[in-house]
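Colleague: Please read through the structure below; I'll follow up with questions.
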Amino acid sequence: MLAIEGVHVSSVNPPGEMAHGVQSASGATLPAGSGHPIDRELEAVRQLRSLYDTRSDPALPLGFGDYLSLLFRLHEHNHLLQEAGGTGNLPRRRDWYTACCGALCQGLGLEQTSLDTAATEKPYDLRQIVSGLRPLLRSKHGAIQAAYYEIALGGLLRQRGDILRADRSVRYAQGGPGSGITDEALRARIESIYFTRFDRDLLEFSRQLVTLDALLLDLMPVTVGEPVAIDRLRAEYGYPDRRDPQWGGVF
Amino acid sequence: MVAQADQLRITQLTSSYSPDAPPQLPLAFGDFLSLLWQIDRASGLPSREGYYRRSATALARGLGFEQRSLYRLIQTTPAGKIYASLPNAPYRGTERLVDAHDRQTAIRQLADIRDHILAMGAYRSEWKLGWPGSRLSDVEMRERLFAVFFTAFEGQFTHFSRLLLVVDIVLQEMLLGDRQNREISLIRLIREYGYPDPHSSSVRQQFNAGN
């Protein structure tokens, strides 16, 4: 154990050695599950936080929460593209996410609804989504209550976005941030936060996503289809196949 | 479980530091970082920004690092840019240039973790007219929303935000170059270093002016 002024930090992995686990949204390793029922929820959380990239297929059928996470990833990439000016693999990544969102949107029966935002510049824009739902909310709850539903939906979508945003901001090829710091003790403390505490605590913190998504589903004035397995999404709705050569080297 | 002392500390670090919510515990380096975050957040609100700048300036002097580049950061960096400027600290000094880039990267990551946590900790202060969904007539839905925004969120956030305690120690080491446990009481800060007195009516008026 490494203790920092009363805050006990789990042992640091040796440099270059990561704890056994799965890839997080940023490609980092998250602690692995053990098959326990509680861990099944963690599997769902890991998927909701994942990058949905070409490195692996989503293990669980994709549902409404996955759709929101994909819209969030597409939104992020559109923003990066605007900032970077269309360089590198960003345009292809955007195409990948647009294809994923489009297929899942169809699979969940959300085409032509205000949640069908993949083609817009800001697919996870809270105001756009919520104002798009306004007519349906009004017809269902009346004008006054509809305004409160909009606030509630906006609050949940914002919290969801913030949970996904709380991620590693520093991308790296080898080592973690600060891996070249010459002071060994300081380097070890940074690694303990970066490799051990942050991943573990973030995963636990993200458990809220499951509850949030269930509530969002009940508040939404649209009918959302049942989760769809990846094979069916590919076969029936054109979800992109990561093994297809056209997607090689996108991520 | 989070120890009560840790919880009180986290509550202070994620608080607004406004005259209505003055710090209850002695202030340390982590409070300074939270005050910098509040300056950024007050961008576009000059009176509020001024309050937080005075608070951060007084705290930096009270903690004895007014000769450091971090102190000058408060005076020279526009609100909204301070947290983004923190990673450049290794380049402002003359030491350890060999690993300055690595330090810069590490500071950026740790400051970002801090930023994420404080942003979520500020939810409550942003709910001016009740929490989202508090006026729904559907009681069951209202209770479920309450559970998400308060019970579930607070429970998880309490644990997650504990990272602040560790992050702040490491950030102090990288930004000030030591792990010395500096602390100073609010009373002393007000009397000796010009920290804005939260009980002063003029301070309160100024804080709320134009907002």
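Colleague: Reachable lysines from A:Lys122, Cα under 25 Å, same-chain residues fewer than 8 places away excluded?
Modeller: Result set, ordered by chain and number: B:Lys81.
Colleague: Ok, one more. Which angle from 0 to 90°, rounded to the nearest 10, does the C-alpha axis of helix B:4-13 make with the longest principal axis of chain B?
Modeller: 80 degrees
Colleague: Ok, one more. Solvent-accessible area per residue for chain B at a 1.4 Å probe radius, Å²?
Modeller: 45 Å²
Colleague: Measure off 7 Å from each Cα along the Cα-to-Cβ vector at A:Ala229 and B:Glu126, then give the distance between these two points in nanometres to one decimal.
Modeller: A separation of 4.1 nm, rounded to one decimal place.
Colleague: With only Lys, Arg, Asp and Glu charged, each at its Cβ (+1 for the first two, -1 for the last two), find how big the charge dipole of the stretch B:4-208 is about the Cα centre; round to the nearest 20 debye.
Modeller: 460 debye
Colleague: With a Förster radius of 30 Å, plug the Cβ-Cβ distance of A:Asp95 and A:Ala214 into 1/(1 + (r/R0)^6) and report the FRET value to the nearest 0.05.
Modeller: 0.45
Colleague: Residues of B:164-174, mean number of Cβ from any other protein chain within 10 Å of their own Cβ, rounded to a whole number?
Modeller: 5
Colleague: Relative to the longest principal Cα axis of chain B, at what angle does helix B:29-41 sit, 0 to 90 degrees, rounded to 10?
Modeller: With both axes taken from Cα atoms, the answer is about 70 degrees.
Colleague: How large is ³J(HN,Hα) for each residue in the stretch A:210-218, as worked out from phi by the Karplus curve 6.51 cos²θ - 1.76 cosθ + 1.60 (θ = phi - 60°), to whole Hz, x for Gly and Pro?
Modeller: In residue order, the calculated couplings are 5, 5, 4, 5, 5, 5, 4, 4, 6 Hz.
Colleague: Which value in nm describes the separation of the simple spin-label points at B:Ser201 and A:Lys140, placed 7 Å from the Cα toward the beta carbon?
Modeller: 5.1 nm
Colleague: Given H placed on each backbone N at 1.01 Å, which residues far from B:Leu27 in sequence or on other chains put an amide H within less than 5 Å of it?
Modeller: Distant-sequence amide H within range of B:Leu27: B:Ile184, B:Ser185, B:Leu186.
Colleague: Under 1.5 on a/c is rounded, so check that first for the stretch B:132-203, then, if it is not, pick prolate when a/b is larger than b/c and oblate when it is not; a ≥ b ≥ c are the square roots of the alpha carbon gyration tensor eigenvalues.
Modeller: Since a/c reaches 1.5 but b/c is at least a/b, the shape of the stretch B:132-203 is classed as oblate.
Colleague: Let me ask you something else. Check which residues have an amide H placed less than 5 Å from A:Leu62's amide H, if you skip close sequence neighbours.
Modeller: Amide H neighbours of A:Leu62, under 5 Å, 5+ apart: A:Val228, A:Ala229, A:Ile230.
Colleague: Can I ask one more? Per the Debye formula with a single identical scatterer at each Cα and no solvent contribution, what log10 I(q)/I(0) holds for the stretch A:103-239 at q = 0.09, 0.11, 0.13, 0.21 Å⁻¹?
Modeller: Relative scattering, expressed as log10 I(q)/I(0), comes to -0.43, -0.60, -0.75, -1.26.
Colleague: Using the Karplus equation 6.51 cos²θ - 1.76 cosθ + 1.60 (θ = phi - 60°), what ³J(HN,Hα) coupling, rounded to whole Hz, does each residue of the stretch B:123-132 give in order, writing x for Gly and Pro?
Modeller: 3, 4, 5, 8, 8, 6, 10, x, 6, x
Colleague: Simple spin-label model, 7 Å along Cα-to-Cβ: B:Arg179 to B:Thr151 in nm?
Modeller: A separation of 4.1 nm, rounded to one decimal place.
Colleague: Let me ask you something else. Per residue of B:113-124, count partner chain C-beta atoms within 10 Å of its C-beta, then hand back the mean as an integer.
Modeller: 3
Colleague: Angle, helix B:100-121 long axis vs. longest principal axis of chain B, Cα atoms, 0 to 90°, nearest 10?
Modeller: 20 degrees
Colleague: In addition: Convex hull over the alpha-carbon atoms of the stretch B:4-208: what's its volume per residue in Å³?
Modeller: Roughly 128 Å³ of hull volume per residue.
Colleague: Next up: Keeping all protein chains in place and using 1.4 angstrom, which order do B:Arg9, B:Arg204 fall into by accessible surface area, from largest down?
Modeller: My answer, sorted largest first, is B:Arg204, B:Arg9.
Colleague: So, one more: Please work out how much accessible surface B:Ser47 shows to a 1.4 Å probe, ignoring ligands, DNA and RNA, in Å² rounded to 10.
Modeller: Per-residue accessible area (B:Ser47): approximately 20 Å².
Colleague: Contact order normalised by length for the stretch B:4-208, with contacts defined as Cα pairs under 8 Å and 6 or more residues apart; what percent is it?
Modeller: Across the stretch B:4-208, relative contact order equals 34 percent.
Colleague: Given the whole protein assembly as supplied and a 1.4 Å probe, what does the accessible area of A:Val130 come to in Å², nearest 10?
Modeller: 10 Å²
The values are calculated or read from the model by the stated rules, or taken from the named source; none is laboratory data. Worth saying up front: this structure is predicted, and the values here are computed from it rather than measured. Neighbour counts are summed over all protein chains in view; Cβ atoms, including those assigned to glycine, are modelled from backbone coordinates with ideal geometry. Accessible surface is based on the protein model in full, side chains and every heavy atom, while ligands, DNA and RNA are left aside. Shrake-Rupley method; radii C 1.70, N 1.55, O 1.52, S 1.80 Å.
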